Amino acid sequence: MTVLIPYASLEPAPWKNGGGSTTEIAVYPPGAAFDEFDWRISLATIAHDGPFSIFRGIDRTLALVDGPGVNLDIDGDSRFLLTEESPVVEFPGEARVSASMLGEPTTDFNVMTRRARCHHRLGRRSLEGISEFAPRGDITILFLAEGESLSVCSDTERIGMVRFDAVIFDTDTVWKLETTEAAVLVVDIFLDGA
């Protein structure tokens, strides 16, 4: 079943360290706590320098969606500049990650999967006009990262999206995407052993 998740219906939760906030978009199983989820999709706003939380057994991918970006120190021996030029970074949840601001707050799309149960792939796609979209994962989520609106259509459904909305797809259907101009993030989640 295809599900639209309107960004306007979501509430941000502040981080314990006061460095930012997270807006959960989707989690499985629904309502799962941090030590129970199989996968989790969220938006994180980083407002101050500071460490990330540790998530053992989790693989993470961050993608920049708004702001100038952030400098990430990963395990004390590698640095990654998350900016428009390098907008995606992957790292294990066990890594010690510390963020340093590049001026203004930054908003990042965050994918987490529990590696004992599933894995994910994140891609970015620029859209203009009408294009075809076929979900590839056991679960596929499309997130409107840039652009004012996007129409998502099948033979039986039509879904209107605005910026930061997400859709969890019925993966047996080929869809048409229509927009003047937009950029989307596509998350394919593969259930290991499924």
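For Thr140, the criteria (1) open to solvent by 20 Å² or more (accessible area, probe 1.4 Å); (2) assigned to a strand (DSSP E or B); (3) polar (S, T, N, Q) hold in every case but one, which is (1). Scanning the stretch 68-87 for residues that are open to solvent by 30 Å² or more (accessible area, probe 1.4 Å) and touching a Gly at 6+ places or on another chain (Cβ under 9 Å) turns up Pro68, Leu81, Glu84, Glu85, Ser86, Pro87.
Only residues that are touching a Leu at 6+ places or on another chain (Cβ under 6 Å) and over 23 Å from Val89 (Cβ atoms) were counted in the stretch 153-176, giving 4. Exactly one residue among Ser100, Ser154, Ser86 is modelled with pLDDT under 95, in contact with an Asp or Glu (Cβ under 6 Å, 6 or more places away or on another chain) and among the hydroxyl-bearing types (Ser, Thr, Tyr), and that residue is Ser100. Number of residues in the stretch 17-60 that are outside any loop (DSSP other than H, G, I, E, B), over 21 Å from Phe164 (Cα atoms), open to solvent by 30 Å² or more (accessible area, probe 1.4 Å) and in contact with a Pro (Cβ under 8 Å, 6 or more places away or on another chain): the value is 1. Any residue at all in the stretch 70-81 that's under 28 Å from Pro135 (Cα atoms) and either modelled with pLDDT under 95 or over 18 Å from the mean Cα position of the chain (by Cα) (or both)? No, that holds for no residue.
Scanning the stretch 166-187 for residues that are over 11 Å from the mean Cα position of the chain (by Cα) and either assigned to a strand (DSSP E or B) or modelled with pLDDT of 95 or more (or both) yields Val167, Ile168, Phe169, Trp175, Lys176, Leu177, Glu178, Thr179, Thr180, Glu181, Ala182, Ala183. Taking each residue of the stretch 87-111 that is touching a residue at least 60 places away in the same chain (Cβ under 8 Å) and looking for partners that are open to solvent by 10 Å² or more (accessible area, probe 1.4 Å) and part of a loop (DSSP other than H, G, I, E, B) with beta-carbon atoms closer than 8 Å, six or more apart or interchain, yields Ala99/Asp49; Ala99/Phe52; Pro105/Ala47; Pro105/Gly67; Thr106/Gly67; Thr106/Pro68; Thr107/Gly67.
For Arg117, state whether it is open to solvent by 60 Å² or more (accessible area, probe 1.4 Å) and under 24 Å from Thr2 (Cβ atoms). Criteria met by Arg117.
Can you tell which of Ala63, Ala134 is in contact with a Pro (Cβ under 8 Å, 6 or more places away or on another chain) and either at pLDDT 95 or above or on the phi < 0 side of the Ramachandran plot (or both)? Only one candidate passes the filter, namely Ala63. Answer with yes or no whether Asp108 is over 16 Å from the mean Cα position of the chain (by Cα) and either under 23 Å from Pro6 (Cβ atoms) or at pLDDT below 95 (or both). So Asp108 does not fit the description; no.
The values are calculated or read from the model by the stated rules, or taken from the named source; none is laboratory data. This one's a predicted model, so the numbers in the text were calculated from it and none came from an experiment. Counting neighbours? That spans all protein chains shown, and the Cβs are built from the backbone with ideal geometry, glycine included. To get the accessible areas, we keep the full protein, side chains included, count just its heavy atoms, and leave off ligands, DNA and RNA. Shrake-Rupley method; radii C 1.70, N 1.55, O 1.52, S 1.80 Å.
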